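A quick write-up on the structure given underneath.
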Amino acid sequence: MEKLSVKIERANSEVVDLFEVDYTKEMTVLEALEEIYRHHDPSLAYRFSCRTGLCATCMMIINGKPGLSCMKLAEPSTNGFLTLAPLPKGSTIKDLVKEL
Amino acid sequence: MKSMEVIKTNILIIGSGAAGLVASVYAGQAGADVFVIDKGAVGKSGSTVGAVQIASLGAWSQPEDSVENYLNDIKESGRGLSDPELMNILANDLSTRLEDLIDWGLKLDLDENKEVAVFPTAGHSVPRSVSARKGKMGLAIVQTLIRKVNSMDNVRKWSDVITLELVKTSGHICGAIVFDQKTNTPYLIHSNAVILATGGIGQLYPITSNPAQTTGDGFSLGLAAGASLIDMEQVQFYPVSLVTPHSIAGLCISFYHYSKLYNSRGERFMTAYEPEFLENTTRDKLAIAIATEIATGRGTSRGGVYLDASGELDKVKKEFPHEFTLCTDRGIDLAKDRAEIGPAAHFIMGGIQADGDGATTVPGLYVAGETAGGLHGGNRLGNNALSECIVFGARAGLAATAVEGITSAPPSNSPQSKMTDLFLKKIQSPTNGHIRPHELKEKLQGILGENVGVIRTNESLGKALQQLKEVEVELEQVKLSSTGVYSREILDFIEAGHMVRTAQAIVGAAIQRKESRGAHFTTDYPQMSSETYHTIVKLDDETMEFGTSPVKGGDR
Ligand SMILES: Cc1cc2nc3c(=O)[nH]c(=O)nc-3n(C[C@H](O)[C@H](O)[C@H](O)COP(=O)(O)OP(=O)(O)OC[C@H]3O[C@@H](n4cnc5c(N)ncnc54)[C@H](O)[C@@H]3O)c2cc1C
Ligand code: FES
């Protein structure tokens, strides 16, 4: 199965976590996170609700730019990794979860 | 266990969709101290955010529209199960509640003549649906209400706290035990009254239009507190929802009245089911027709049928821009592609039984929005969920303000239900088990999807009940591999507990209804019975009891 390399810069963590996720065509960033929660790391924290780009709770930094994880397709940037981080503004509760 | 920290308020409102927020504003305006809590982010976690339009009566209404007209449509749609008192209140209060929202800053979408744009909706005899923020009515309502809430010092919001159970003293509700996910701390919120506004049950099914939080917690909480559930078998499947791609599976296609549906043989099958209205019929009939095509082998390999919207694309783009763009972005070009669609769990007409003020049979417990039952009967008309939220949210908020609470006897600090007990035990020894909570949720979704979908049988319902018992036992075998703060595992576990209880109520109610009516269709009793009755579910000392009760206002 094709793999996608996902790097997650979790809040309050010095190390960047790397996950090799089973990749399916047209997979969104949110689906990649769901894969990680289910099969790699049950402690990963991220927010989402509507899955259709309306609630904006799934917003994070995706390959260096802010974006909705349910709307962005999971694609590596030029460095070969899909890199995720919490939004820089405001306080972060855990990993990718902001105080809302 | 050491005693829990207690927080005091007049009114605790659980859930911050349209119903919970409307209740917060009206209760706040009446001077009550209000706490509105949500297991997700306040105002951003319920079905409300996804709603497109609202049914309305107002200055913009068509000349032929009226309270009576609206009332007739709801009555017709409810298949004899809609409560006459609730219908009357909805039709009579709606215009005033909309005016209030407009006063607070809600701006309705306008047409090219700068008049309020009024849209037709299947099942409504007259066009009466309006929207805001270009077809994002739910979002617009929530934003208006959040602004209002933020301006009131006596209304406090609290995100990321999930409710474990409601608490009673001498038969009167006096608060709830909640769990703050940000600090992993349980709290006891002590209040005069509680309003449950926790939304619906979409997540009990594998394919749903609903957001992640719709795990049916309110029904489970209400049952455990002694409230009755009415007509829980009445689950509305949105007939036309995307089957693929996976990332947006369940997305409602609201423009089906502008589309043609074809089976895998290329037949426009609605000509056989509804020769007069074709695709523009009520949701229950359309869902049953589509599910029948699929069940009889005329569906696609993914279990859907085809939708062709190419004939009315301009209207689709204009009235439903969000859905149109989402389809386009995920590779469905509606100008030339046929989308693959099927029924997805969308709404529950059944719910906690309450009167016109949202008062349940348990003193101090109120309910509003999708968690309440009785209004929509066997089929909810499109755009009538938001109208329900704003009308009954307001009434529940005001009625709860008048409740004199139990001040003298603060509730005991020890958990009262088996489920909370199990939860607190698990948190203390999380690794004593072997099943991950999300696996249990998925198992439950599979059971309901397979056996309690659009088409049901005695056999499938019996099987579901049996399998749900197994899931209930497996809750005790859950292992929590991550118990830090903001743990999805913990959230999944609490939700799984509520889901099992609510699922059992749905299946048990479905077994009680020995006929096909509204959204409940069983091949063992394919006809509507001449006798009209409600199904009722109660919980007595952890045992679920099922029964029926006569409808108000006689048979029809
Ligand atoms: C995609 C979609 C489109 C729709 N379109 C329309 C439309 O166009 N017109 C229309 O009228 N209706 C529509 N509906 C239906 C309508 O949106 C909902 O029925 C209605 O918004 C429900 O509002 P509510 O306030 O009752 O619940 P919700 O908006 O669902 O809010 C419930 C809240 O309670 C919280 N909660 C749940 N359990 C707990 C707990 N244990 N502890 C703490 N908090 C909890 C949830 O996180 C959530 O925020 C649509 C629904 C969906 C899903
Ligand atoms: S989950 Fe709601 S916008 Fe992404």
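Computed quantities for the displayed model
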{"item": "First in region B:470-484 and within 12 Å of another protein chain (Cβ to nearest Cβ), second anywhere and among the hydroxyl-bearing types (Ser, Thr, Tyr) and open to solvent by 60 Å² or more (accessible area, probe 1.4 Å), Cβ under 6 Å, 6 or more apart", "result": "B:LYS479/B:THR431"}
{"item": "Options A:GLU35, A:GLU2, A:GLU20, A:GLU31; residue that is among the charged types (D, E, K, R) and more than 24 Å from B:ARG436 (Cα to Cα)", "result": "A:GLU2"}
{"item": "Tally of residues being touching a Gly at 6+ places or on another chain (Cβ under 8 Å) and open to solvent by 10 Å² or more (accessible area, probe 1.4 Å) across region B:239-251", "result": "3"}
{"item": "Counted residues, region B:7-35 - those being within 16 Å of ligand 2 (Cβ to nearest atom) and of a type in the set (Lys, Arg)", "result": "0"}
{"item": "Neighbours by Cβ (under 9 Å, 6+ apart or cross-chain): first from region B:74-98, outside the structural domain of B:VAL25 (by TED's automatic domain parsing); second in a helix (DSSP H, G or I)", "result": "none"}
{"item": "Subset of region B:177-197 that is more than 14 Å from chain A (Cβ to nearest Cβ) and polar (S, T, N, Q) - its residue that is farthest from A:ALA45 (Cα to Cα)", "result": "B:ASN192"}
{"item": "Lone qualifier among B:GLU388, B:GLU340 - being at pLDDT 95 or above and either in a helix (DSSP H, G or I) or open to solvent by 30 Å² or more (accessible area, probe 1.4 Å) (or both)", "result": "B:GLU388"}
{"item": "So B:ILE141, is it open to solvent by 20 Å² or more (accessible area, probe 1.4 Å), touching a helix residue (DSSP H, G or I) at 6+ places or on another chain (Cβ under 9 Å) and either farther than 19 Å from B:GLU323 by Cα or of a type in the set (A, V, I, L, M) (or both)", "result": "no"}
{"item": "Qualifying residue in region B:169-183 (condition: open to solvent by 40 Å² or more (accessible area, probe 1.4 Å), out of contact with any Asp or Glu (no Cβ under 9 Å at 6 or more places or on another chain), within 30 Å of B:GLY484 (Cα to Cα) and not charged (D, E, K, R))", "result": "yes"}
{"item": "Residue identified as surrounded by fewer than 20 Cβ atoms within 10 Å (Cβ to Cβ) and in a loop (DSSP other than H, G, I, E, B) among B:ALA335, B:ALA354", "result": "B:ALA335"}
{"item": "Among the candidates B:THR296, B:THR328, B:THR361, B:THR371, residue that is of a type in the set (Ser, Thr, Tyr), away from ligand 2 (no atom under 16 Å from the Cβ), open to solvent by less than 20 Å² (accessible area, probe 1.4 Å) and out of contact with any Lys or Arg (no Cβ under 7 Å at 6 or more places or on another chain)", "result": "B:THR371"}
{"item": "Qualifying residue in region A:89-98 (condition: of a type in the set (Asp, Glu) and more than 10 Å from every other protein chain (Cβ to nearest Cβ))", "result": "no"}
{"item": "Top-ranked residue in region B:164-182 [being modelled with pLDDT of 95 or more and not in a strand (DSSP E or B); ranked as nearest to B:VAL403 (Cα to Cα)]", "result": "B:GLN181"}
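Condition check ((1) near ligand 1 (Cβ under 6 Å from one of its atoms); (2) assigned by TED's automatic domain parsing to the domain that holds B:LEU164; (3) not basic (Lys, Arg)) across all residues:
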site	(1), (2), (3)
B:GLY15	yes, yes, yes
B:ALA18	yes, yes, yes
B:GLN29	no, yes, yes
B:ASP33	no, yes, yes
B:LYS44	no, yes, no
B:GLY50	yes, yes, yes
B:ALA55	no, yes, yes
B:GLY58	no, yes, yes
B:GLU64	no, yes, yes
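The values are calculated or read from the model by the stated rules, or taken from the named source; none is laboratory data. Predicted model, so just to flag it, every value in this text is computed and none were measured. Backbone-built Cβ (ideal geometry, glycine too); neighbour counts: all protein chains shown. SASA here: full protein model, heavy atoms, side chains in, ligands and nucleic acids out. Shrake-Rupley method; radii C 1.70, N 1.55, O 1.52, S 1.80 Å.
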